[in-house]
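The values are calculated or read from the model by the stated rules, or taken from the named source; none is laboratory data. The structure displayed is predicted, hence computed values, not measured ones. Glycine gets a Cβ as well: all are built from the backbone with ideal geometry, and neighbour counts include every protein chain shown. We work out accessible area using only protein heavy atoms, side chains counted, and drop any ligands, DNA or RNA first. Shrake-Rupley method; radii C 1.70, N 1.55, O 1.52, S 1.80 Å.
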Amino acid sequence: MIRTGMIRAGMAAAVRRARTAPRALVSGVCAPGGARDVVAGVTLASMNIPQVLGYAGIAAMPAVTGLYTVLLPLVAFALLGSSRHLVVAADSATAAIFSSGLAGMAAAGSPKYVALVGTVTWLVAGFLFVGRLFRLGFLADFFSRTVLVGFLAGVGVQVGIAMSRDMLGVAATAHNPVRQLLQVADGLPHAHPLTVGLSLLVVAVIMGGRRLVPHAPLAMVAVVGGILASRVLDLAGRGVAVIGPIAGGLPSLGLPDVSWNEMVALLPVATSCVFVIIAQSAATSRAFALRAHEEVDENADILGLCAANAAAALTGAFVVNGSPTQTAMAVRAGARSQRAQVAFALVTLVVVLVLTGPLRDLPRCVLASIVFTVAVGMIDWRAMWAIRRESPGEFGLAMVTAAAVVGIGVEQGIFLAIALSLFRHVRHSYRPHTMVLRQDPVTGALETEPVAPGRQTEPGLVVYRFGADLFYANCSRFTDDVHLLIDHAPAPVRCLIVDASAITDIDFSAAGALRDLLADLRRRGIVVLFGRVSSYLRADMQRHRILSAEDPNANFAALHPALAAGRAIVKAAGA
């Protein structure tokens, strides 16, 4: 019943979004920002259409299928996704995953290989739908802003290295960015001078033009200029690599023909793609939403990604993903909403029908130079400097994330970043701040001091604050601190007050340690009171029978009543 309700709720939300989104997209073109989004979409198409052709090569698929990834998939995500900036299209990470996974099952580019790729894409769409039902969008919550800054910086460096080979006209066949860089360095003596000069010219025009005319479609100018120069000057004949012939025509709709055993064998490949899609798309949409001070619904984005992959599978394309590079291109081009992606899809439709011919003359170095400038822009130097200045530890985490993305890959870098973020959080909980509260002689207010031998709130009284939930890894810190304060107190302790304002949960191991500590203190004649006890903590103390170990009236919702009771206990003991 619960699962049925979840499915119905998810489908109802999808229907509502699908009904309202087309009207919003159409009316949005007439809005003040609509024209800017259309121009951004056209500019994005001029940069990305050649790039998705390259991704088709990584996927070992026919070149035209790269164009198909930016037709219906873009529109499907625009209708159902929530991110205003995320570009969902062909991506190098997922393309490399399924192409390597299918290498031993069929010859690259063969009809059987295309059918297997289509099956993987359908499986990815199905898994993403399940991910939406189980609301896996919460994974985005594990990406701190620090991690996102490092993630985008790493992707920027990775993409910049990948583009350098085409910018120099040298061969580099490795997939790992570090190995690519070494191969490019080895090939520097053989760099093609005309290719290098053209690359430097494009980079200079785009980087310099951003300062002089920041809203001009410089990338589109570079693409058109590159095609014209290639034709007029016969750059291909002078040794400059060009895109080459591309097949055109609309995709044919259909389902792949594979056996049940083959489908089962593809499940691990599809699962790997899904994890990368959810993690990378969530990281990218969250990162650009932070830059624009916007919010995203990651679960709606998963539904949009599901629809986009279903559209890709139906049209004979391959797995699509939220691309950080292409999203950065869209933002750089001035895109403010998914209207830009719809304009991108419309331009692609025109290209597929009538304009595949001119694209073959586009120099690869021009495209690589455009992408290189986008990659440089993905490194947020100001944010990195701010993190380094305010939190050196988090700066180290950002650097490790960036290095992991460059050194071992985007997907591994993402998961390592999540693991490091969780480890850093656990480390803070494992070694929390612990303090003794003492009354300021001038103001009379309670002030905090670090725990140390000889610290005491008042003669006979210690108010101790523990700065985290109690769990198996830090309960020994709690008991050690209490014994330290009591054993080295300048006056015999008659009452210990635990300021529990930061404690909302106690696990089984910590509860056992706390019961043993309370029993030991009771034998020594020391009364233990708890102040600022929340309802959550009180429920845990009752469940773990901690209240039965002490007087139930020794737990206070505020600190001052506990302090008054503690002073009365000390006074009575002194009498």
Would you point out the residue of region 284-296, among those that are touching a residue at least 24 places away in the same chain (Cβ under 8 Å) and over 13 Å from the mean Cα position of the chain (by Cα), that is farthest from GLY150 (Cα to Cα)? GLU294
For PHE275, which of the numbered conditions (1) open to solvent by 50 Å² or more (accessible area, probe 1.4 Å); (2) over 28 Å from the mean Cα position of the chain (by Cα); (3) under 19 Å from PHE98 (Cα atoms); (4) in contact (Cβ under 8 Å) with a residue 40 or more places away in the chain fails to hold? (2)
State all residues of region 62-79 that are crowded, with 24+ Cβ neighbours inside 10 Å and small (Gly, Ala, Ser); if no residue qualifies, say none. GLY66, ALA76, ALA78
Criterion (modelled with pLDDT of 85 or more, open to solvent by 70 Å² or more (accessible area, probe 1.4 Å) and either of a type outside the set (S, T, N, Q) or not in a helix (DSSP H, G or I) (or both)) met by exactly one of ARG389, ARG477: ARG389
Among residues belonging to region 118-160 that are of a type in the set (Phe, Trp, Tyr) and part of a helix (DSSP H, G or I), point out the one that is farthest from LEU303 (Cα to Cα). PHE151
Output the residues belonging to region 426-453 that are modelled with pLDDT of 85 or more, within 36 Å of the chain's Cα centre (by Cα) and more than 16 Å from SER501 (Cα to Cα). ARG431
Among the residues of region 304-311, are any assigned to a helix (DSSP H, G or I), modelled with pLDDT of 90 or more, out of contact with any Ser or Thr (no Cβ under 8 Å at 6 or more places or on another chain) and open to solvent by less than 10 Å² (accessible area, probe 1.4 Å)? yes
If you take the residues of region 278-294 that are of a type outside the set (A, V, I, L, M, F, W, C) and not in a loop (DSSP other than H, G, I, E, B), which of them is surrounded by the fewest Cβ atoms within 10 Å (Cβ to Cβ)? ARG291
Does ALA489 count as more than 43 Å from the chain's Cα centre (by Cα), at pLDDT below 90, within 25 Å of PRO561 (Cβ to Cβ) and small (Gly, Ala, Ser)? no
Could you count how many residues in region 290-303 are at pLDDT 85 or above and of a type outside the set (D, E, K, R)? 4
Somewhere in region 319-335, is a residue more than 20 Å from the chain's Cα centre (by Cα) and without any contact (Cβ under 8 Å) to a residue 60 or more places away in the chain? no
Of all residues in region 216-243, which are of a type outside the set (A, V, I, L, M, F, W, C) and out of contact with any Leu (no Cβ under 9 Å at 6 or more places or on another chain)? PRO217, GLY225, ARG231, ASP234, GLY237
Taking the criterion of being closer than 30 Å to VAL232 by Cα, over 24 Å from the mean Cα position of the chain (by Cα) and open to solvent by less than 10 Å² (accessible area, probe 1.4 Å), would at least one residue in region 350-362 satisfy it? yes
Before we move on, is LEU86 part of a helix (DSSP H, G or I), under 23 Å from LEU128 (Cα atoms) and open to solvent by less than 10 Å² (accessible area, probe 1.4 Å)? no
Can you tell me which of PHE344, PHE318, PHE395, PHE372 is part of a helix (DSSP H, G or I) and open to solvent by less than 20 Å² (accessible area, probe 1.4 Å)? PHE344
For LEU139, state whether it is under 29 Å from the mean Cα position of the chain (by Cα), modelled with pLDDT under 90 and open to solvent by less than 40 Å² (accessible area, probe 1.4 Å). no
Answer residue from region 123-136, given it is under 17 Å from SER272 (Cβ atoms) and in contact with a Leu (Cβ under 8 Å, 6 or more places away or on another chain) and is most open to solvent (accessible area, probe 1.4 Å) among those: LEU123
Of ALA59, ALA96, ALA106, ALA115, which residue is over 30 Å from SER421 (Cβ atoms), open to solvent by 10 Å² or more (accessible area, probe 1.4 Å) and modelled with pLDDT under 90? ALA106
Cβ-Cβ distance below 8 Å, separation of 6 or more or different chains: which pairs start in region 160-173 with a residue that is without any contact (Cβ under 8 Å) to a residue 60 or more places away in the chain and open to solvent by 40 Å² or more (accessible area, probe 1.4 Å) and end on one that is charged (D, E, K, R) and part of a helix (DSSP H, G or I)? ALA171/ARG165
Wholly within region 190-266, which helices (runs of 4 or more DSSP H) include no fewer than the required count, namely at least 2 residues that are open to solvent by less than 30 Å² (accessible area, probe 1.4 Å) and out of contact with any His (no Cβ under 7 Å at 6 or more places or on another chain)? 193-212, 218-233
